[in-house]
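**Student:** Take this structure first; my questions come after.
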Amino acid sequence: MNTLPHNILTFVHSLLSQHLKTGDCVADCTAGNGNDTLFLAETVGKTGKIWAFDIQEVALHNTRQRLQDAGLSEPVELILDGHQNIDQHIQQPLDAVMFNLGYLPQGDKHCTTQTDSTLIAIKKSLKLLRKNGILSVVLYSGHAAGFAECAAIEQFSGSLKQQDYDILRYQFANRPKTAPYALIFRKMTDEIIFQAA
Ligand SMILES: C[S@@+](CC[C@H](N)C(=O)[O-])C[C@H]1O[C@@H](n2cnc3c(N)ncnc32)[C@H](O)[C@@H]1O
């Protein structure tokens with residue numbers, strides 16, 4: 001059987017599906033066209049809770065449609081706000097948080113995630129994660145804003161202590177250096193490790 005995903009997004013889904021269970025509480029910090037939100041809704045089920053953020057109406061519209069088609073609207077709260085404000089919407093521990101950076105495929109390429117707000121959102125999300133919670137980030141270095149964003153996230157990741165977080169990088173070794181790749185953070189403690197911005 002061929003179980004090795006051909007695509008980094010599918011790979012992240014397969015990794016998270018081993019970690020998550022029915023009833024878990026999770027956030028999708030970049031809802032986009034709703035692929036990740038739908039995956040999370042299918043995985044945590046109707047007894048779970050999903051918060052999905054995007055700054056574009058069109059993204060939340062597309063996500064809402066995907067969820068309705070699948071009959072999974074109920075456990076999802078769609079939030080038209082930047083993920084950097086995640087702490088204004090969620091005040092409970094999370095089992096997983098997903099980020100898929102960049103711009104909406106087939107959308108406005110200028111409306112892309114930005115280094116400063118992404119870093120704030122990742123720091124706040126790590127603070128919200130429960131012990132053993134997972135935060136996934138899919139990164140794209142192939143456009144100018146993405147290149148700077150990757151460098152800043154790599155620098156931040158490298159600054160975190162081994163005893164506080166396991167952080168793994170997954171990438172295809174035989175694809176261009178600009179191919180999307182993933183960072184996976186596993187929080188090892190319930191303590192707040194640093195002050196979020
Ligand atoms: C690559 S797409 C996400 C794809 C999506 N996860 C999916 O499964 O279809 C990136 C999304 O991030 C959104 N975005 C950009 N800046 C944001 C911010 N500060 N907060 C929340 N979403 C943001 C964009 O509007 C875009 O829809």
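Each reported figure results from applying straightforward, stated rules to the coordinates on display, with no laboratory input. Everything numeric in this text was worked out from a predicted model, so none of it was measured. Note: ideal-geometry Cβ built from the backbone for every residue, glycine included; neighbour counts use all protein chains shown.
**Student:** Which ordering of Met98, Met188 is given by a fewest-first count of other beta-carbon atoms within 10 Å?
**Tutor:** With the sparsest Cβ surroundings first, the list reads Met188, Met98.
**Student:** Hey, which of these cross-link pairs are over 27 Å Cα-Cα: Lys21/Lys123; Lys124/Lys161; Lys46/Lys187; Lys131/Lys177; Lys49/Lys124; Lys46/Lys127?
**Tutor:** Lys131/Lys177
**Student:** While we're looking at this one, here's another question. Using per-residue counts of other Cβ atoms within 10 Å, averaged over each peptide, order 75-88, 19-32 from highest down.
**Tutor:** Averaged packing, sorted descending, gives the order 19-32, 75-88.
**Student:** Tell me the label-point distance for the pair Asn85, Thr3, using the 7 Å Cα-to-Cβ offset, in nm and rounded to one decimal.
**Tutor:** Inter-label distance under the simple model: 4.3 nm.
**Student:** So what's the back-of-envelope 222 nm ellipticity for the chain, counting only DSSP H runs of four-plus at -39500 (n - 2.57) apiece and dividing by all residues, rounded to 500?
**Tutor:** Rounded to the nearest 500, the figure is -11000 deg cm²/dmol.
**Student:** When DSSP beta bridges are limited to those with both residues in the chain, what percentage is antiparallel, rounded to the nearest 5?
**Tutor:** Counting DSSP beta bridges with both partners in the chain, the antiparallel share is about 40 percent.
**Student:** Relative to 2.2 N^0.38 Å, what does the C-alpha radius of gyration of the chain come to as a ratio? Two decimals please.
**Tutor:** In units of the globular-protein estimate, the chain measures up at 0.96.
**Student:** While we're here: Would you mind working out the magnitude of the charge dipole of segment 8-187 relative to its Cα centre, with +1 at each Lys and Arg C-beta and -1 at each Asp and Glu C-beta, to the nearest 20 Debye?
**Tutor:** 560
**Student:** Would you kindly state how much longer the chain becomes between Glu77 and Ala152 on full extension, computed as 0.36 nm times their sequence separation minus their alpha carbon distance, in nm to one decimal?
**Tutor:** 24.1 nm
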